[in-house]
Amino acid sequence: MKAFISILLLSLLVSHPSIKNDSSNPDELKIAQVMRKAVKNADSTLLKSTLLANWREYLKISTIDLDVELQPLLLIKFDEDMAFRKQLKTIIDWQSNWLQKETEHFIYYYRWDQPPPELILEILEIHFKALAKLFAIEIPEKIPFRYDLTAEHSTVFPFQDLRGGIVSSQLFDLEKSALAIFYFINSEPPSILEPLVRIYGSYFQNPSTSEAYYEHSLREIKKKKYTSALNLYRQDDISNFTSPDWFSSYAFVYGLNQQFGPEKLAQFLSNVNCQKPETEFQNTFQEIFGISLPEFESRYQQSDAVIKM
């Protein structure tokens, strides 16, 4: 009987549109937020416990912050989803074994033998406030930033993931910080996010550098041909981009940002993703920017000379 109920609930998880196990589903974000809050508020005895059964009992109480229809879903995920439990173990380890310092917008995790975080946090806060203001982003929770020298790659986890936030081996990783902030708007498409991260991460302190890279991109486009944003936006992995793809993507986003401003760009980003058809991408573009995509991109597609901003 218990097995039958479990199967029935799992079929509901797959078929019910409001609780579909999809990273783009807002219900996934709600569950992750409650879980992060539960781990953060757990007492030291529970944090030191190696038995996940103890956590299951604790989560029965923690689900009170969730919508009624989502409360059983959290326990189903706990019982049936190995990736979910692995993520839970990871954030329990961070909470129980790492030093922490909180600011207005970050929870900074670091090892006992690593540098004090005061200067790092001051820079992250300045960066955060500038981007949140420019893009009119409201952040519903603090961003975890784990400074880990042993990390092979700096990573930003989407906030639907329990590990949501930043793991970085760099002290001043403004690119990852920018990406984490933009993830509150949307976690895709990379063809728009990655250029934004370059502009407002690496080049943020020196806007003339982002402009110089734009000029470089225009020269490369003139030599190698422009790739339309329509051909790039459904790709979910920027590592597959060719050199012309990247320069085209950067020029496209930089041009939009300069002409229409960050708030309009954020509005556009929040309404597109890699699953939507090309026609919807084009229609959304024209609706938000008041210009057709081909008309806007014509500046990059001149045969003899590229028209600059």
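What follows is calculated from the coordinates using simple rules that are stated; it is not laboratory data. Given the structure is predicted, the values throughout are model-derived calculations rather than measurements. Note that we place each Cβ from the backbone using ideal geometry, even for glycine, and neighbour counts take in every protein chain shown.
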Notebook entry, point to check: Can you give the net charge of the other residues whose Cβ lies under 13 Å from the Cβ of LEU47, counting K and R as +1 and D and E as -1?
Noted result: +1
Checklist line | Highest-fluctuation residue, VAL68, VAL34, VAL167 considered, GNM on the chain with Cα pairs under 10 Å | finding: VAL68
Check: DSSP beta bridges in the chain, what fraction antiparallel, as a percent rounded to 5?
Finding: 50
Item checked: Net charge of neighbours whose Cβ lies under 13 Å from the Cβ of SER154, counting Lys and Arg as +1 and Asp and Glu as -1 -> -2
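Can I get the semi-axes of segment 190-300's equivalent ellipsoid? Compute them from the C-alpha gyration tensor as square roots of 5 times the eigenvalues, in angstrom, largest first.
Equivalent-ellipsoid dimensions as semi-axes: 20, 16, 14 Å.
Suppose R0 equals 51 Å; then what is the FRET efficiency for LYS223 and LEU75 from their Cβ-Cβ distance, rounded to the nearest 0.05?
Between LYS223 and LEU75 the formula returns 0.35.
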Next item on the list: For the pairs LYS40/LYS86; LYS223/LYS276; LYS77/LYS176; LYS225/LYS264; LYS77/LYS129; LYS30/LYS60, note any where the Cα-Cα span goes beyond 23 Å.
Entry: LYS223/LYS276; LYS77/LYS176; LYS225/LYS264; LYS77/LYS129
Note to self: Counting only other residues whose beta carbon sits under 11 Å from that of PRO244, what net charge do I get with K and R as +1, D and E as -1?
What the structure shows: +2
Next item on the list: Please tell me the relative contact order of segment 190-300 in percent, rounded to the nearest whole number, where contacts are Cα pairs under 8 Å and at least six residues apart.
Entry: 30
Next item on the list: Can you put TRP246, TRP55 in order of Cβ neighbours within 10 angstrom, beginning with the fewest?
Entry: TRP246, TRP55
Note to self: Connecting C-alpha atoms closer than 10 Å in a GNM of the chain, tell me which of THR63, THR279, THR103 has the biggest fluctuation.
What the structure shows: THR279
Next item on the list: Could you please rank ILE31, ILE185, ILE139, placing first whichever residue has the fewest other Cβ atoms within 10 Å of its Cβ?
Entry: ILE139, ILE185, ILE31
Check: segment 210-231 to segment 120-138: how many Å between their Cα centroids?
Finding: 28
